């Protein structure tokens, strides 16, 4: 059974994954591009210290309140429910608002009274506003839940696009008049107000007369089942939040680096995350669906179809090989072009800081993220319910190890320590998922498939050394002509690398590359 045929079976895909990948991805790429360009421009208008306070300290406050208040609710409310259960679910949403407000008050007091405060005006106002905005956005949860349950998939896309672009424009425009926190405070308010208002406007347009029961509250009562499920999801969300934003918590609570260093770190991390979130995310989502459709969850390999097992083994090996080669090229060229990339993106203010060193270390982090993403993709798609619960228990030591590594390595190596901690965290997760994969297939053939061959390693090494020599010679001139020559040498050598990598591959891998973007799904018309 061919990979392409299975992935293009739209009738199956439409039932199990009703999201329009093409439309959703275009929006995500567009928003990332707008944010990318705006951040590069803002770096030239405000100081690194301001960026550190906004992107680390205030954003962490906002994200903690929002995620702990909203994510467990969405997991409960977006499941399939009968119409009679909706009043209880709506009650759960309204009851969560006081919880969110109480959480916001406690965290705001912690941020303003107990943590080290930056020597910047409007910091206390910023903490209060970001907390209020996180609580305010919960008012949009009822229409959000309604629209998604009615399969109006485009509506959240529209809301996110309008609110995000408006916030970015406010940030950029006001930054011309004030280099303090005020532009970001007004931008946050703009986003939250538009987010809530547009959701309710769309709901008023889309709702039908028969859907009034979605908002019919006879009394505020939450079922014990929904309450218990929400608490369980809350525990899982806390652990996931620590793994996702662990370095931000360490920087906030332990003050291991200055606010200016935090600003550089957040800028470089956002730059590197574009590759991780935009480049890897779609491939992982697509092939998670592929593995989940090809193999039955929880069944041992000897009870799966022989053809399906062989196809999945070959596909996983090719997928890991692609990410390994991609990560290798990114790592090698990142050593030579990190400073030039930051100079073009953020100017000398960013290029002459710790940014180039951070970006150089983010390149191998991107490589391990690619391997971890595809290995966990197969892991999560095939493991049994008992194995899922076992993995959830492993999240706790993962979180603890990651926090300990972050604290220790940041004291030793500064902001680079956070990148090293992330690499260590990914390495631990890769170990568990690869061990599972080897046991599942009864061997390591699929894993060795990821290892580049000797000619590939040689050409990458030679061209990488050429680019590094070019950096040492031409970048030292600090002239436009020198930088231009450095770019030309890197471009020509990269073309040589890509051609060699392609020629050294077998037919199976070349066929796989042609099907990397295979899923095209149509969503219900609104």
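Taken together, the values in this text are just the output of simple stated rules run on the coordinates, not laboratory data. Just so we're clear, the structure is a prediction, and the values are computed from it rather than from any experiment. Counting neighbours? That spans all protein chains shown, and the Cβs are built from the backbone with ideal geometry, glycine included.
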What per residue convex hull volume, in Å³, comes out for the stretch 341-498 when only alpha-carbon positions are used? 146 Å³
Taking 0.36 nm per residue of separation and subtracting the Cα-Cα distance, what length does fully extending residue 117 through residue 462 add? 119.3 nm
What FRET efficiency comes out for residue 483 versus residue 32 if R0 is 22 angstrom and r is the Cβ-Cβ distance? Round to the nearest 0.05. 0.30
With a ≥ b ≥ c taken as the square roots of the eigenvalues of the C-alpha gyration tensor of the stretch 379-457, please select rounded if a/c is under 1.5 and otherwise prolate if a/b is larger than b/c or oblate if it is not? oblate
Residue 200 to residue 41: FRET efficiency via 1/(1 + (r/R0)^6), r the Cβ-Cβ distance, R0 35 Å, to the nearest 0.05? 0.60
What is the order of 180, 390, fewest Cβ neighbours within 10 Å to most? 390, 180
Based only on other Cβ atoms within 10 Å, what is the fewest-to-most ordering of 415, 466, 311? 466, 311, 415
Relative exposure of 176, 122, 144, 486, judged by other C-beta atoms within 10 Å (fewest first): 176, 122, 486, 144
Could you calculate the contour length gain from residue 207 to residue 307, that is, 0.36 nm times the residue separation minus the distance between their Cα atoms, to one decimal place in nm? 31.3 nm
For the stretch 259-451, the Rg and Dmax computed from alpha carbons only, in angstrom: 18.5, 60
Once normalised by the length of the stretch 259-451, the mean sequence separation of its alpha carbon contacts under 8 Å that are 6 or more apart gives a contact order in percent of 32 percent
